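Before any comments, here is the structure.
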Amino acid sequence: MMENLSSQADTETIIECLVRDGAVIIEQLAQAPLLTVIMDELRPHFDQEGAKFQNDFNGYQTLRLGAVLGLAKHTADLIAHPRVLQVANAVLGSNCECIRLGSTTAIEIYPGQPVQELHEDDSFYPMKIPDVEFQLGAMWALDDFTIENGATRLVQGSHWTGTVTKIDEASAVSAEMPKGSVLLYFGSLYHGGGANNSKLPRAGLINTYALGWLRQEENQYLSVPREMADSYPETVRRLMGYQAHGKYLGVFPADPDGRWYEA
């Protein structure tokens, strides 16, 4: 059964549950008015472009958008949520100088969508390092997540298994959570979208935080127009990758417009 913690839970408890199970839910960390604004910003893009990414893996009754910082400005309020960043820095920071965004994705699962294949988010990296997590995912519930409407399924503890060839589907549990909650999970944890057997779609916003020395899954510099990137606060620009990693990786001494951050 998933561990659902209140928004008042202390960071140590959140991290303890996350490390033990590979995932944890913090309930109602975001307020409804912000979620409404975000969905209003995403809606035209879902309608115009969301079906472009339909395939056997993503599903044919699911709309999906990438690089959402270039589409919906207020998604930054979730992506750079101080509480989530505190956890991300705590669990990833011992293996890097800074963390960066791996990807930013909005997903809307419609009625009739079957379950998604269980998978790891960090599987595109060609290697694993024992006891080192490459990514932390944050799935924000823009609607209530229920078993009926396709709440994310995950296999607790599967981040401890290392390289495996088969995961037991029957061991997956559903991350049920109210609107405004966030599911935090490691990139090595097996998970997947649930089947939507309800009469309404359910939407979520998922972004990953990655070790700062890794190649980012999503190219933020090309995906987000420069003028839009400049409009974000420093915390967001640093997450996007507009900073060096330590003293020697990704340095940009010239910095003609003063928009690059050193370590």
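The values are calculated or read from the model by the stated rules, or taken from the named source; none is laboratory data. This is a predicted model, so every value here is computed, not measured. Cβ placement follows ideal geometry from the backbone for every residue including glycine, while neighbour counts extend to all protein chains displayed.
For residue 147, state whether it is at pLDDT 95 or above, outside any loop (DSSP other than H, G, I, E, B) and under 29 Å from residue 32 (Cβ atoms). First the steps, then the outcome.
Details: at pLDDT 95 or above: yes; outside any loop (DSSP other than H, G, I, E, B): no; under 29 Å from residue 32 (Cβ atoms): yes.
Considered against the rule, which asks whether it is at pLDDT 95 or above, outside any loop (DSSP other than H, G, I, E, B) and under 29 Å from residue 32 (Cβ atoms), residue 147 comes out as no.
I'm trying to understand the selection: among the residues of region 188-206, which are surrounded by 24 or more Cβ atoms within 10 Å (Cβ to Cβ), in contact with a Phe, Trp or Tyr (Cβ under 9 Å, 6 or more places away or on another chain) and in a loop (DSSP other than H, G, I, E, B)? 194, the sole residue that qualifies.
Against the condition under 30 Å from residue 228 (Cα atoms) and of a type in the set (D, E, K, R), how does residue 131 come out, does it pass? Judged against the criteria, residue 131 is not a match. If you go through region 1-24 and keep only what is of a type in the set (A, V, I, L, M, F, W, C), crowded, with 18+ Cβ neighbours inside 10 Å and in contact (Cβ under 8 Å) with a residue 40 or more places away in the chain, you end up with 2, 14, 18, 23, 24.
Within region 110-140, restricting attention to residues that are within 17 Å of residue 195 (Cβ to Cβ) and under 18 Å from the mean Cα position of the chain (by Cα), the residue that is modelled with the highest pLDDT is 139. Taken residue by residue, region 243-252 has no member that is over 22 Å from residue 185 (Cα atoms), among the hydroxyl-bearing types (Ser, Thr, Tyr), assigned to a loop (DSSP other than H, G, I, E, B) and under 22 Å from the mean Cα position of the chain (by Cα). Within region 167-222, the set of residues being charged (D, E, K, R), more than 18 Å from residue 241 (Cα to Cα) and without any contact (Cβ under 8 Å) to a residue 24 or more places away in the chain comprises just one member, 168. For region 150-187, a residue qualifies if it is at pLDDT 95 or above, of a type in the set (D, E, K, R) and assigned to a loop (DSSP other than H, G, I, E, B), and the qualifying residues are 176, 179.
Those residues that are touching a residue at least 24 places away in the same chain (Cβ under 8 Å), among the polar types (S, T, N, Q) and exposed (fewer than 15 other Cβ atoms within 10 Å of the Cβ), I need them from region 85-122; list them, please.
Going residue by residue through region 85-122, those that are touching a residue at least 24 places away in the same chain (Cβ under 8 Å) are 85-88, 90-92, 95-122.
Next, only the ones that are among the polar types (S, T, N, Q) stay: 86, 95, 103-105, 113, 116.
Within region 85-122, 86 is the sole residue that qualifies.
Count of region 9-28 residues, restricted to those that are assigned to a loop (DSSP other than H, G, I, E, B) and under 17 Å from residue 158 (Cα atoms), is 1.
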